[in-house]
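*Asks:* The structure is given below, and queries will be raised subsequently.
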């Protein structure tokens, strides 16, 4: 149901059926290190390139969330995914694995909120029963995409942020989960993951055998040419560095007491305040976040105090300052605000402004905030994911960096 | 919403700045150390090959320093030096080697032709172009004068 100019309320209950997160080693050392389902000891994860590793993380995050939701490989009605690579290739390649319709989304680091909003809308209107909303980013592939080669000896500016290596997925559903389902999915997680991989691999190898090819072990879509080398490499990795090929895991003992519902959201406008420094994303995104928050409060008639927490995506430390400055000009002060990017890394990790990237708000929401809501520590939460809309060429062509921010609201209610 | 010019002024005023004196000091020290190493290599070569004319010693020193820069890049040390030193490790010839080798490493995965060969000069390209243009200009001037 439309509310005001940019907002909507869900008319039917939309449940967060499950969430799953995978992050890289540096993120595992950060402030939320113990909240993620899988922390990789190696950010290549046995792949040949960082782009492939990001795609694998994305794929495994979706698989993990689907298994935790108790669905089959074809039990998801629509997959909504996006990432930061050119033509959202990490998501596109990851989605080969699933037999579900796929909508690719891009709103830079706000992609996750966009996916949740679109997913909620599709479920609310009855077009889908379950939707998998995922996004991913990888430090090394984003550096190459937007900045310089990794080994180049240049200095990072103090306004720069560190792209989070992480992928996460939330499965939204119109069906209310039960505690028995939860327990069943958690205890049989490993078998289910394996069954799903085998099912997909059988299909892949059957297709391959028709043209004289067969399926690989780790990557069902790997080409046969040069596969002997690839298999040898995997064998070597498995004996020398077994940790680099770990399987996705989940906390078997985790049980939720509350269940999270997506209750509405506010779609953001593109805001351009004339910031043209591509290493100061926080400054470029803060006006968009403020704009969306103000629009949300106007449309819904709520005050910031209505929420237990207002979570912004990845403004970073300076961006948070700018966000509060803009809000104070409008007479709004927030005492329940928390920025995922600014809080992501520890100061000694030398990331200057903190984390960013399409995976940042995703893994913090799925790994930290949703878990706190599921324990009943937070009741109502407003998540505002922010993104800076640029590519490598636009700043060179003297364009400004516009920002975008999308918000969704989540509420928790106890299992009865 | 707030006036855009006012916001830009706020961002300009309040965004964190690079610590200038510390950066300058680090660049001076590390750049100086690299140059000292270069002098050391120069002296070592002229001590080992006393018959070599001084110009050739200079060329061989350059070759050795480029190799060292490329090698440190390949084993992943040079970017760590650069993170501290900034301009101090970019300006010497080792920095030039770094700016050629680092894209070559990065684009290795796209293959030899369209990866390494095509992308090798994405950062060093301007330096080479300006070097050649300046060389031609000076050469022409030298011809006239």
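*Asks:* For residue A:5 and residue A:129, what does the FRET efficiency come to when R0 = 35 Å and r is the distance between their Cβ atoms, rounded to the nearest 0.05?
*Replies:* Working: r = 30 Å, r/R0 = 0.85.
Computed FRET efficiency for residue A:5 and residue A:129: 0.75.
*Asks:* Please identify, among A:385, A:358, A:140, the residue showing maximal mean-square fluctuation in a Gaussian network model of chain A using a 10 angstrom Cα cutoff.
*Replies:* Among A:385, A:358, A:140, the largest mean-square fluctuation in the Gaussian network model of chain A belongs to A:140.
*Asks:* Could you give the nm distance between label points at residue A:391 and residue A:234, where each point is 7 Å from its Cα heading toward the beta carbon?
*Replies:* Each label point is offset 7 Å from its Cα along the Cβ direction, giving 3.4 nm.
*Asks:* Which of A:324, A:67, A:133 comes first, and how do the rest follow, when ranked by fewest Cβ neighbours within 10 Å?
*Replies:* On the way: A:324 17, A:67 27, A:133 33.
So the ranking, lowest neighbour count to highest, is A:324, A:67, A:133.
*Asks:* How many Cβ atoms of partner chains, on average, are near each residue of B:8-21 if near means within 10 Å of its Cβ? Please report the intermediate quantities before stating the final value.
*Replies:* Numbers: counts 5, 0, 7, 16, 4, 0, 5, 14, 11, 3, 5, 1, 0, 0.
Across B:8-21, the average partner-chain Cβ count within 10 Å equals 5.
*Asks:* For the pair residue B:140/residue B:64, report the inter-label distance in nm, with labels modelled 7 Å from Cα in the Cβ direction.
*Replies:* The modelled label-to-label distance comes out at 3.8 nm.
*Asks:* OK, next. Normalised by the residues of chain A, what does the relative contact order come to in percent, with Cα pairs under 8 Å and at least six apart? Intermediate values should be presented prior to the final figure.
*Replies:* Details: 971 pairs, mean separation 103.0, N = 416.
RCO, chain A: 25 percent.
*Asks:* Of all DSSP beta bridges located in the protein assembly as shown, what percent are antiparallel, nearest 5? Before the final figure, lay out each step's value.
*Replies:* Working: 41 of 62 bridges.
Here the antiparallel bridges make up roughly 65 percent for the protein assembly as shown.
*Asks:* If each residue of separation counts as 0.36 nm, what is the full-extension length gain between residue A:416 and residue A:400 once their alpha-carbon separation is subtracted? Spell out each step's value before the answer.
*Replies:* Numbers: separation 16, 0.36 × 16 = 5.76 nm, distance 5.11 nm.
0.7 nm is the gain from fully extending residue A:416 to residue A:400.
*Asks:* What nm distance separates the two modelled labels at residue B:39 and residue A:336, each placed 7 Å from Cα along Cα→Cβ?
*Replies:* Taking the two extended label points, one gets 6.5 nm.
*Asks:* If you don't mind, there's one more thing I want to ask. What is the extension gain from residue B:132 to residue B:48, computed as 0.36 nm multiplied by their sequence separation minus the C-alpha to C-alpha distance, in nm to one decimal?
*Replies:* Here the answer is 27.0 nm.
*Asks:* May I pose another question? Quick one: order B:96, B:25 by neighbouring beta-carbon count within 10 Å, fewest to most. Before the final figure, lay out the partial values.
*Replies:* Numbers: B:96 20, B:25 12.
Neighbour counts put them in this order, fewest first: B:25, B:96.
*Asks:* Next question, about the same structure. How do A:338, A:273, A:189, A:112 rank when sorted from fewest to most other Cβ atoms within 10 Å of their own Cβ?
*Replies:* Values: A:338 16, A:273 27, A:189 20, A:112 35.
Ranking A:338, A:273, A:189, A:112 by Cβ neighbours within 10 Å, fewest first, gives A:338, A:189, A:273, A:112.
*Asks:* If you average the C-alpha positions of the range B:1-67 and of the range A:315-331 separately, how far apart do those two centres end up, in angstrom?
*Replies:* 37
*Asks:* Round to a whole angstrom and tell me the spacing of the C-alpha centers of the range A:358-401 and the range A:98-157.
*Replies:* 10
*Asks:* Taking a virtual spin label 7 Å from the Cα of residue A:308 along the C-beta vector, which residues in the range A:174-190 bring their backbone nitrogen under 16 Å of it?
*Replies:* none
*Asks:* Next question, about the same structure. Using a 10 angstrom cutoff on alpha carbons, build the Gaussian network for chain A and name the most mobile of A:157, A:312, A:38.
*Replies:* In the Gaussian network model the winner is A:157.
*Asks:* Still on this structure, please answer the following. Quick check: Cα centre of the range A:233-270 to Cα centre of the range A:66-81, how many Å?
*Replies:* That distance is 14 Å.
Quick note: the coordinates plus some simple rules give every number you see, no bench work behind them. Just so we're clear, the structure is a prediction, and the values are computed from it rather than from any experiment. Heads up, the Cβs are rebuilt from the backbone with ideal geometry, glycines too, and the neighbour counts pull from every protein chain shown.
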